[in-house]
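Inspection log for the structure reproduced underneath, given as structure tokens.
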Amino acid sequence: MNTIKPLAPDQLRQRCDPGEFTFETSAELETLEGLIGQARAVEAVQFGIGIRSEGYNLYVLGPHGTGKYTALRQFLEHKAITEPPPSDWCYVNNFEQPHKPNALQLPPGRGVALQRDMEKLVQELRTAIPAAFEREDYRSQRQALNEEFSQQQEQAFKELQQQAETKELAVIRTSAGLAFAPLKGDKVLKTEEFQELPPDEQERIQEAIGELQAILEETVRRVPQWERAHREKLKALDREVASFAVDHLFVELRQQYADLPEVIAYLDAVEQDVVENVDDFRRQDDEAAPPLTGIPLPRSLLVPPPFRRYQVNVLVDRSEAQGSPVVYQDHPTYQNLMGRVEHIMAQMGTVTTDFSLIRAGSFHQANGGYLILDAHKILAQSLVWDALKRALRANELSIESPGQLFGMVSTIALEPEPIPLDIKIVLLGDRLLYYLLSENDPDFSELFKVAVDFEEEMARNPENNLLYARLIGTLARKEQLRHFDPTAVARVIEHSSRMVGDAEKLSTRMQGVADLLREADYWADQAEHEVVAATDVQQAIDAQIYRSGRVRERVQEQIERGTVLIDIQDERIGQINGLSIISMGQFSFGRPSRITATVRLGRGKVVDIEREVELGGPLHSKGVLILSGYLSARYAPDRPLSLSASLVFEQSYSGVDGDSASSAELYALLSALGQIPLKQSYAVTGSVNQYGQVQAIGGVNEKIEGFFDVCRARELTGEQGVLIPAANVKHLMLRGDVIEAVEAGQFRIFAVETIDQGLEILTGLPAGQSDEAGNFPEGSINQRVEARLVMMAKQWQSFNK
């Protein structure tokens, strides 16, 4: 019989010796720049932001609380400050196609300058143009053109009148227009007098009137042509005067923007439109309509309507930018990302818009720099994921309303000119989402080629302990906390190992560490300590547990009152205390559960009652099935397995998953088969394989402490303890009270490697090893189990006959 000794107290927690630190407080330590324990992620970030090839966007994967966003933002800002600011972007009116505004790219800061210059230009035009048309020389030229037109008309009338006089006819004006009447001397003949004339004379007069009437009709037909020509002359005069009035203003502007051909082309179009629509500037009574709803109008709408088309809509202003932009969009809706076109309610409920109501999205703000997005939020918004991929593939930004995308808008809508896109996208998400996107979206791997994988833990060694101390000092300075003495730093490091459940590792989830520092500072303040000590850190840890421990206390109370049946003394056949974990958000705790096994003659099936009632998960069911493999390979391999066994977690009313109880279930099953009682003072955790090797499990610290709390509530006798896998010893970071009980001999923890070792501890009997013939020693546990299985096989054979 192998004698396995319980673990020594110094094996139950790897302490951090404050003596390894040479500082008195963390204030003496240098500020820590960058991340600790994230060498892989740092290299990936540097590569991702350094390479400018298409598709090399970043996906930052890792759990929450590792400082992904904070660290990434720092890296990006350090890189961005070394890069030149990108261009300003403006939208201006397209005078040929107003529903398709033009985009202008300008050097940083010149977009606002152009906007101010255009506002100033319009004000000067509204003054200069009316003044030009009030000048005497313009009035003289206009009057001359009017007189010329009047003379042309009078001359035509005069010629017609002269021709009429030669034919003894008079031209008279009537309500119906011009008419001809016969003359006798200077007197116009009346109708009665005309009828008294000889027929020959009447016929001559009628013929003369017909000839003159044809001439009159021809003259009347020529009058609109004369009027059109007159208007053209007036318009040409107006254009000439307007050009003279505005030319010097545009010359000045062209000189300011001579290095920007697109702006020069825009100014040419503006000048041409001003000259063509000069009458808009001559009317001084146009004012912007007041808001109908009492809501203040945008600045662009305060300009009188005729002059809005000359405004410059500065979409992106980099006038105060230092380096390239780094933008984080917390609410990534389609319009917040891609931009939008606003509308206003005009008279009688009419909705209108123009280029001045185009608004930028986060893509526009981050263009030329970096945009950080949360992957989960992106996928939760309709249209956004497809729009993001479409923009990255096309390398341009198009502002479209959701209605246009779905083809639901039948009216004319603005179609702003697309803007070239030069951006680096950074998605923040977890690992599962990254793998799902890689598997199910073929575009994802082409557009996000750089995976930045953040570690959850790092090695615990003296070098990293000092880095952790510097991290504590850095966070204390940053958040203006009290500094920590070496004992407090050592306690934080120990708790960091507990957070990852490994004595040889430290947590890189900075959120949890930072929260502990803040709370320790609070308790130090309550105790009026100048610096934070280990007692303050411990009080912060205890307070966290207490705040989250309501359910744990209720579970412990049910066990103490006998509502949940747990034995911690005596011996029972086919019964054992298993250990499980309950997770409640960020808080997890262990609890013991009674596991029982029964055995009868059958077809070699081990029934998992949890699975039969759909309370057992696939991993738990796998662990139970392994037990059948172990029995078949270990005992009487030349005979059929002829038992029917059932296993159950007693008083389990919720789902059970994981294989960490499979060793406990096997102990209970072997106890039932060999009719060997098991000590109830022990609890067991660990998975098992088909060869009887006990394998590591998770949550070993919480499980041990859960059973310890039950035993302490009923009284520690020195006989209680826990069996854990030997592979979990390196994970032990137990509470101080558990270690004190072990030191006092009141509680024991055994590390086992095989089922045989566990059986000997639980029964006090030798497990027994098979000899060369495959036989176990008489009276050993394994011999009794095998004998029972052989007997059952014979009974089954006899029963079948």
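The selection criterion, being open to solvent by 60 Å² or more (accessible area, probe 1.4 Å), among the polar types (S, T, N, Q) and assigned to a loop (DSSP other than H, G, I, E, B), holds for residue 97. Counting the residues of the range 100-135 that are of a type in the set (Val, Ile, Thr) and open to solvent by 40 Å² or more (accessible area, probe 1.4 Å) gives 1. Selection of the range 755-801 for residues being closer than 21 Å to residue 684 by Cβ, out of contact with any helix residue (DSSP H, G or I) (no Cβ under 7 Å at 6 or more places or on another chain) and surrounded by 19 or more Cβ atoms within 10 Å (Cβ to Cβ) yields 756, 757, 760, 761, 780, 782.
Restricting to the range 453-464, name every residue that is under 20 Å from residue 534 (Cβ atoms) and surrounded by fewer than 19 Cβ atoms within 10 Å (Cβ to Cβ). Steps first, please.
Step one: of the range 453-464, the residues under 20 Å from residue 534 (Cβ atoms) are 460, 462, 464.
Hits for the range 453-464 are 462, 464.
Residues that are open to solvent by less than 50 Å² (accessible area, probe 1.4 Å), in contact with a helix residue (DSSP H, G or I) (Cβ under 9 Å, 6 or more places away or on another chain) and closer than 24 Å to residue 712 by Cβ within the range 550-577 comprise 555, 556, 559, 564, 566, 568, 575, 576, 577, listed in sequence order.
Scanning the range 50-76 for residues being more than 19 Å from the chain's Cα centre (by Cα) and assigned to a helix (DSSP H, G or I) gives a total of 1.
For the range 499-526, what are the residues that are open to solvent by 50 Å² or more (accessible area, probe 1.4 Å) and more than 18 Å from residue 26 (Cβ to Cβ)? Spell out the reasoning first.
Quick first cut of the range 499-526, residues open to solvent by 50 Å² or more (accessible area, probe 1.4 Å) only: 499, 504-505, 509, 511, 515, 518, 522-523, 525-526.
Across the range 499-526, the qualifying residues are 499, 504, 505, 509, 511, 526.
Quickly run through the range 383-406 and pick out the residues that are assigned to a helix (DSSP H, G or I) and either modelled with pLDDT under 90 or acidic (Asp, Glu) (or both). Within the range 383-406, 386, 402, 403, 404, 405 qualify.
Taken over the range 14-29, the criterion of being within 40 Å of the chain's Cα centre (by Cα) and open to solvent by less than 40 Å² (accessible area, probe 1.4 Å) is satisfied by 16, 25, 26, 29. Can you say whether residue 32 is open to solvent by less than 40 Å² (accessible area, probe 1.4 Å), part of a loop (DSSP other than H, G, I, E, B), more than 30 Å from residue 453 (Cβ to Cβ) and not acidic (Asp, Glu), as far as the supplied structure shows? Taking the combined requirement at face value, the residue does not satisfy it. Screening the candidates 652, 646, 632 for the property of being part of a helix (DSSP H, G or I), polar (S, T, N, Q) and modelled with pLDDT under 90 yields one hit, 632.
Only one of the listed residues (232, 240, 227, 252) is among the acidic types (Asp, Glu), part of a helix (DSSP H, G or I) and in contact (Cβ under 8 Å) with a residue 12 or more places away in the chain. That residue is 227. Candidates are the residues of the range 257-287 that are more than 29 Å from residue 106 (Cα to Cα) and not in a helix (DSSP H, G or I); the one that is modelled with the highest pLDDT is 283.
So for the range 678-693 (the condition being under 20 Å from residue 571 (Cβ atoms), of a type in the set (Ser, Thr, Tyr) and surrounded by fewer than 24 Cβ atoms within 10 Å (Cβ to Cβ)), does at least one residue qualify? Yes, there is a match, as at least one residue in the range 678-693 is under 20 Å from residue 571 (Cβ atoms), of a type in the set (Ser, Thr, Tyr) and surrounded by fewer than 24 Cβ atoms within 10 Å (Cβ to Cβ).
The values are calculated or read from the model by the stated rules, or taken from the named source; none is laboratory data. Not measured: the values here are computed from a predicted model. Cβ atoms come from the backbone with ideal geometry, glycine included; neighbour counts cover every protein chain shown. SASA here: full protein model, heavy atoms, side chains in, ligands and nucleic acids out. Shrake-Rupley method; radii C 1.70, N 1.55, O 1.52, S 1.80 Å.
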